[in-house]
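The values are calculated or read from the model by the stated rules, or taken from the named source; none is laboratory data. Note that the structure is predicted; figures quoted are calculated from it, not measured. With ideal geometry, Cβ positions are generated from the backbone for all residues, glycine too; neighbour counts draw on all protein chains shown. When the accessible area is computed, the model is the full protein with side chains, heavy atoms only, and any ligands, DNA or RNA have been set aside. Shrake-Rupley method; radii C 1.70, N 1.55, O 1.52, S 1.80 Å.
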Amino acid sequence: MLDKIKDFASWFFVTGDPLIYGADIAIALTTLAIVFVLTYFKKWNWLWREWLTTVDHKRVGIMYIIASLLMLFRGGVDALLMRTQLAFPDMKFLSPEHYNEVFTTHGVIMILFMAMPLMFGLFNIAVPLQLGARDVAFPFLNALSFWLFFMGAMLFNMSFVIGGSADSGWLAYPPLSELTGSPGVGQDFYIWGIQISGIGSLMTGINFIVTIVKMRAPGMTWSKVPMFTWSVLSSCITIIIAFPVLTVTLALLFLDRYLGAHFFTMDGGGNAMMYINLIWMWGHPEVYIVVLPAFGIYSEIVSTFSKKRLFGYGSMVFAMMSISVMSYFTWLHHFFTMGSGASVNTFFAITTMVIAIPTGVKIFNWLFTMYRGRITFSTPMLWTLAFIPCFVVGGMTGVMLSVAPADFQFHNSYFLIAHFHQVLIGGVAFGYFAGLYYWWPKMFGFKLNEKLGKWAFWIWNIGFYVCFMPQYFVGLDGMTRRVSTYGWDTGWWAMNFTSTIGGFLMGLGFLFQVWQIAHSIKFMEKDTTGDPWNGRTLEWSIPSPAPLYNFATTPMVTDRDDWWEEKERIAAGHKPKAKPELEPIHMPKNSAIPFLQSVCWFAVGFGLVFHWLWIAIPGFIGVFATMLAHSFNYNSDYYIPVDEIKRTEAAARRSV
Amino acid sequence: MAHSHPHAQHPAHGEGHYGHHDLEELRKFGFWIFLITDCILFSALFAVYIVLHGSTAGGPGPKEIFEMPGVIVETFILLTSSFTSGLAVLAMNAGSRKGLIGWLIVTILLGACFIGLEVTEFVKLAEEGHTISSSAFLSGFFTLVGTHGLHVSLGIFWISAVIIQLVRHGITPVTKRKVQITSLYWHFLDAVWIFVFTIVYLMGVM
């Protein structure tokens, strides 16, 4: 009996690596600490009532952001482990198998469990407020999306200590990811972690499209919609078209592994190339999904901190929309070398070059917005300014990669690695950091410390160039991606070592950001204006943090940058816009179902990973039961009475 | 259900009065967008099937294993159910709860017959040794047709839940929207089946 348990444990838990044991202890201690703190301060009830069951978009947004920053930490640790392994030739820090797991989880976590949720967090924080709306269109679904992402992320992260991680690269190309190449459970954790959170992403896409199309404040015609909201719309349209393909692709891979189907296998007539096409039909739009909202954030920030209306509003909208359409026609440039033939390669090379044009248009829009503006160099603006040259270089190397014949040289080299990190860090991460700094006071009612923020900014940026510029050259020297080590005779040492220094500098920059947040929580003064940056759009017209119902009365929009125009009118001595009488506000009730249903999905995923139907089937039943419970509940909303609104507003204004 | 009905207390709610949105309209619009995503899901599965339909790995192809009479019966049953689901909506618009519930029951019974025939077909194929793991063609076939079947099965459960709610609450803005959405879903599945019938079965045996 004891032997049986021992056997099971040594198969179930990942063993043998001191790093993993360290992590096991850290996870156990952290869990204990959280349980202790919650119990000691009697916060379990608070946690359940205020957070786990909330359907308020602002709280959902905050939970997304916390989770994504934790994932950024984990993905970042993965990155530093790799950089340490590559710092010197013939390093024995990570075994090749462990290295494979680390680069796989680094990629998956950074894109799917860091960038996506951070993006959704910012959607949630800003979009309803920019629209003058009380919440998103489907608050219940919104909470469900978050919890599905969270459970998916937990499932994926669990593989680290239970069962073993996926190790076939972030997109899991077959036949390596088939049972023949990856017999362990890691690949199944990958499939179900991404599948469950992917369903959440799809629903968020639907939710925000409906919110933006149907819930704009009266008077907010399409030409008055704030640019961030436009970018969210373009990103969500891309989500709803791209994510179903991911769902199908992962489901087919699962059928191959679980039921022995032959979609992508080497035998039985399977076609592995089809997987690569399918996954990139999602994967390429995916990078535009994450970068488009960053473009929106830069647009808001450039215009706010230059105190000028955005230059070329119409061309910006047109550029975003054309990017979201064109992003479906470039996927093949990820595998020019895989034998599609000259004419197919030419088509995709041209579409890839064409998509650079609208991106270029935007760069000029931002530059012209700054031209003759009164620029303030606050941290959101600094990240925006750093983004422009970084993204131009990253974009240009992308155009180099799009030249199909030349790509035969660049393909799978560190040149490519440097390129996509430059657009994803310089474009996406910088943008989300900028957005986080920009909307932080709206979320929590205080700004983040600027001095520490500037330290973090400079360390990050210097670290970035030190890390990735050498990678272009080491790539041109012939170093390919995903190699766990190299010899002294290659001549790659100096550049790799420099790159490692840069990687650790970025890590230091991240620590500065953590310090900045901790320091600001303790010492920063409350922002009493609700409008700390002298903003232009509606979210700055209400107190910070926004009250539960956001707007006491629905704003009437008359201009683009409506709040800025209103301030100008008041400054010129005109009366503020008349506000209608207060009315009871219709709000959705909290619900435990999103959380419970996601726990059931987790059980489904976990059961199917281990082929344990005794967990998966109850999980499925739970999913259906919670769906029915929601459908049969006709008591899901309530009204906030006028008295309560008056009290809340008075309290908020008193602190103003 | 003991809960009082919020819409009865606040008649203004459904009309989208100042600052409040007509939630039922939002939900219908959201469902249309969901249908777009489902459409793409099926297109991906169709694409996969079309790519793989010749890869029989030495096993039988479409011509050898499809039995058209059963499939044609299935098709007629599903098309009829789409028609009865339309009749249900007409009865609802005429304000007849009885008619509505009656036609919905006919619809799900037809749906159940369709699923019954499909399961019989799958079991028969499996007994002859043609399973999802036999060849890439059969993997594509079972997945595409099975996904459609799962959608129909889900629809049956969903419409049943709506029928219970109709019995409890009558025709209200909420139940009305639910009927409209399920009916939309049902017609959508019918349209997908027409493609399944044409691309998988007709073009398979021709």
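Numbers for the structure displayed
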| read-out | value |
| --- | --- |
| Two-site label geometry, residue A:399 and residue A:481: point separation in nm, points 7 Å out along Cα→Cβ | 2.2 |
| Residue-averaged 222 nm ellipticity for the protein assembly as shown, from DSSP H runs of 4+ at -39500 (n - 2.57), nearest 500 | -23000 deg cm²/dmol |
| Rg and Dmax of the stretch A:516-656, Cα atoms only, in Å | 22.8, 71 |
| Förster-model FRET efficiency, 22 Å R0, residue A:458 and residue A:514, C-beta, rounded to 0.05 | 0.85 |
| Whole-angstrom gap from the stretch A:196-229 to the stretch B:21-42, using each part's C-alpha centre | 13 |
| Packing-based ranking, highest mean first, of A:110-117, A:594-601, A:401-408, A:5-12 given that Cβ atoms within 10 Å are counted | A:110-117, A:594-601, A:401-408, A:5-12 |
| Residue-count net charge about residue A:370 - beta-carbon cut-off 11 Å; Lys, Arg +1, Asp, Glu -1 | +4 |
| Probe 1.4 Å - accessible area at residue A:420, Å² to nearest ten | 60 |
| Gyration tensor (alpha-carbon) shape descriptor, the stretch A:173-294, a/c threshold 1.5 | prolate |
| For the stretch A:343-407, fraction of C-alpha pairs farther apart than 19 Å, in % | 45 |
| The stretch A:309-452: relative contact order as a whole-number percent, Cα under 8 Å and 6+ apart | 26 |
| The stretch B:24-205 - Rg (one decimal) and Dmax (whole number), Cα, Å | 17.9, 58 |
| Neighbouring partner chain Cβ atoms per residue of B:128-139, average, 10 Å criterion | 5 |
| In Å², nearest 10: area of residue A:465 left accessible to a 1.4 Å probe | 80 |
| Cα-based Rg of the stretch B:142-206 normalised by 2.2 N^0.38 Å, two decimals | 1.42 |
| Charge sum, other residues only, whose C-beta stays under 13 Å from residue B:121's C-beta, Lys/Arg counted +1 and Asp/Glu -1 | -4 |
| Average projection area in nm² (convex hull over Cα atoms of chain A, one quarter of hull surface) | 30.9 |
| Cα centroid separation, the stretch A:254-298 to the stretch A:322-380 (Å) | 21 |
| Spin-label pair residue A:32/residue B:194, simplified geometry with 7 Å Cα→Cβ offset, distance in nm | 6.5 |
| Where A:289, B:199 fall by accessible area, highest first, once all protein chains stay in place (1.4 Å) | B:199, A:289 |
| Rounded FRET efficiency, nearest 0.05, which uses the C-beta distance separating residue A:376 from residue A:572 and R0 of 22 Å | 0.45 |
| Chain A: angle of helix A:593-609 to the longest principal axis, Cα-based, in degrees nearest 10 | 10 |
| Radius of gyration and maximum dimension Dmax of the stretch B:87-172, Cα, Å | 17.4, 52 |
| Cα gyration tensor, the stretch A:1-42 - rounded (a/c under 1.5), prolate or oblate | oblate |
| Extension gain, residue A:364 back to residue A:529 (0.36 nm per residue minus Cα-Cα distance, nm) | 56.1 nm |
| Solvent-accessible area per residue, Å², over the stretch A:408-523 with all protein chains present [probe radius 1.4 Å] | 41 |
| Residue A:416 accessible area, 1.4 Å probe, all protein chains in place, Å² to nearest 10 | 40 |
| Neighbourhood charge, 13 Å Cβ-Cβ cut-off, centred on residue A:254 and excluding it, Lys, Arg +1 and Asp, Glu -1 | -2 |
| Spatially proximal lysines relative to residue A:42 (Cα-Cα < 30 Å; intrachain offsets below 8 disregarded) | A:58, A:442, A:447, A:522, A:526, A:589 |
